[in-house]
1. With the requirement that a residue be under 21 Å from residue 25 (Cβ atoms) and in a helix (DSSP H, G or I), what does region 97-131 give you?
2. Among (1) touching a Phe, Trp or Tyr at 6+ places or on another chain (Cβ under 7 Å); (2) of a type in the set (Ser, Thr, Tyr); (3) closer than 17 Å to residue 113 by Cα, there is one condition residue 3 misses while meeting the rest; what is its number?
3. If residue 50 passes every condition in (1) open to solvent by less than 60 Å² (accessible area, probe 1.4 Å); (2) touching a Phe, Trp or Tyr at 6+ places or on another chain (Cβ under 7 Å); (3) closer than 23 Å to residue 104 by Cα but one, which one does it miss?
4. Give region 64-85 a look and list any residue that's open to solvent by less than 80 Å² (accessible area, probe 1.4 Å) and without any contact (Cβ under 8 Å) to a residue 12 or more places away in the chain, or say none.
5. If only one of 96, 65 is among the hydroxyl-bearing types (Ser, Thr, Tyr) and over 20 Å from residue 121 (Cα atoms), which one is it?
6. Give region 86-108 a look and list any residue that's modelled with pLDDT of 95 or more and either of a type in the set (Asp, Glu) or surrounded by 18 or more Cβ atoms within 10 Å (Cβ to Cβ) (or both), or say none.
Amino acid sequence: MSYGLVWFKRDLRLADHAAFAAAALRGPMLCVLIVEPSLWAQPDAARQHYEFMLESARELHVELSRLGGRLHLLVGEAVEVLDRLHAVAPFDTLHSHEETGNAACYARDRAVARWCRARGVRWHEPAQFGVVRRLDDRDRWQS
């Protein structure tokens with residue numbers, strides 16, 4: 001029996017978390033937060049951001065525990081971590097918010113998309129905020 005992997009990126013809460021809600025409706029899931037060294041080495045990352053992320057992760061873990069779940073905190077680059085998880089217990093769907101961040105996280109997401117396509121993993125990535133990614137032209141983005 002397959003399961004869905006919920007990848008918490010920057011939105012570390014359950015309230016109105018579309019990716020988590022979609023995974024919960026589908027069935028069994030594993031929830032992960034990946035600490036990616038290359039992203040934390042970016043010039044726009046700071047210690048206070050990291051500490052806030054850890055504090056938020058602890059709160060998310062408590063929320064998930066109340067629901068009978070658990071948050072797995074993993075360290076490594078996203079594609080490498082996903083590859084290790086998939087090798088041990090293949091998942092059929094990856095759920096995460098469509099993140100809007102710097103060029104490094106956009107490049108990471110493009111690598112994750114390639115990884116998903118190569119393994120037949122469906123990536124359910126609902127938009128988060130009003131930013132639309134992957135536009136060919138930003139002149140008429142509202143339409």
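1. Across region 97-131, the qualifying residue is only 116.
2. Residue 3 satisfies every listed condition except (3).
3. (1)
4. Within region 64-85, 65, 68 qualify.
5. 65
6. Once the filter is applied, which keeps residues that are modelled with pLDDT of 95 or more and either of a type in the set (Asp, Glu) or surrounded by 18 or more Cβ atoms within 10 Å (Cβ to Cβ) (or both), region 86-108 yields 91, 92, 93, 94, 95, 96, 108.
The values are calculated or read from the model by the stated rules, or taken from the named source; none is laboratory data. On a predicted model such as this, the values are computed, not experimentally measured, just so you know. Counting neighbours? That spans all protein chains shown, and the Cβs are built from the backbone with ideal geometry, glycine included. Ligands, DNA and RNA are stripped out before the accessible areas are found, and what is left, the full protein with its side chains, is counted by its heavy atoms. Shrake-Rupley method; radii C 1.70, N 1.55, O 1.52, S 1.80 Å.
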